[in-house]
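Let me begin by presenting the structure, written as structure tokens, before commenting on it.
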Amino acid sequence: LPFVGELLQVKSSEKKWQGAIERVLRSFGLSILVSEKDYLEVSAYVNKTHLKDKLVYFRVNEARRSINSKPAQDTLLGKLDIKKDSQFAVWLRQELEEHFNFICCETVEDFQKQVRAISISGQIKSFNKRHEKDDRYRIDDKSRYILGWSNKEKIESFKNDLKVVQQE
């Protein structure tokens, strides 16, 4: 049962967008994907168990159409890699297209012109109405990052932070 975040990562060529994309996808990325064959068992377990926390999971029907077109580079989807060997890759691509179809805007002027957009500083605009920016944490705080199929970079970040604290 993978977390969405384990199956997505920001392309190495798009790392300057990591913080903004992490903010947009955080809640989705912390969700678990449940295949149709595991659904009955998982839903029964979740129903009978007091989890002591919040759990979001998606029942994934793998019978979705495949997508061959390459996403535009200036979109959120165009800045992501989806783990290709995952049984959920097609489903993830479609969910991202449907719910996270944002244009990535380098300038506030470009952001203001778009209907659905994210700025590099983490401001999100949905359907030209709802705007959101969550600055409770620094946008470059890697301890909050959840995307990627390896946690090696996150562990290195913690080690570097520990060295800085020890030197002080």
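Quick look at the numbers
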item: Residue in segment 40-49 that is touching a Lys or Arg at 6+ places or on another chain (Cβ under 9 Å) and touching a residue at least 40 places away in the same chain (Cβ under 8 Å) present; result: yes
item: Among (1) loosely packed, with under 12 Cβ neighbours inside 10 Å; (2) touching a residue at least 60 places away in the same chain (Cβ under 8 Å) - the single one Ser119 does not satisfy; result: (1)
item: In segment 79-101, the residues that are more than 13 Å from the chain's Cα centre (by Cα) and not β-branched (Val, Ile, Thr); result: Lys84, Asp85, Ser86, Gln87, Phe88, Ala89, Trp91, Gln94, Glu98
item: Members of segment 135-168 that are closer than 25 Å to Ile82 by Cβ and modelled with pLDDT of 75 or more; result: Ile139, Asp140, Asp141, Lys142, Ser143, Arg144, Tyr145, Ile146, Leu147, Gly148, Trp149, Ser150
item: Test: residue in segment 87-104 that is in contact with a Leu (Cβ under 7 Å, 6 or more places away or on another chain) and of a type in the set (Asp, Glu); result: yes
item: Helices (runs of 4 or more DSSP H) wholly inside segment 1-102 that include at least 1 residues being farther than 23 Å from Phe127 by Cβ, open to solvent by less than 80 Å² (accessible area, probe 1.4 Å) and at pLDDT 95 or above; result: 18-29, 36-48
item: Checking Arg144 against (1) crowded, with 16+ Cβ neighbours inside 10 Å; (2) within 26 Å of Leu33 (Cα to Cα); (3) in contact (Cβ under 8 Å) with a residue 60 or more places away in the chain, the condition it does not meet; result: (1)
item: Residue ID - surrounded by the fewest Cβ atoms within 10 Å (Cβ to Cβ), chosen from residues in segment 122-133 that are free of Cβ contacts under 8 Å to residues at least 24 places away in the same chain and not basic (Lys, Arg); result: Phe127
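The values are calculated or read from the model by the stated rules, or taken from the named source; none is laboratory data. Worth saying up front: this structure is predicted, and the values here are computed from it rather than measured. Positions of Cβ are generated from backbone atoms using ideal geometry, with glycine treated the same way; all protein chains shown enter the neighbour counts. With ligands, DNA and RNA removed, areas are computed over all heavy atoms of the protein, side chains included. Shrake-Rupley method; radii C 1.70, N 1.55, O 1.52, S 1.80 Å.
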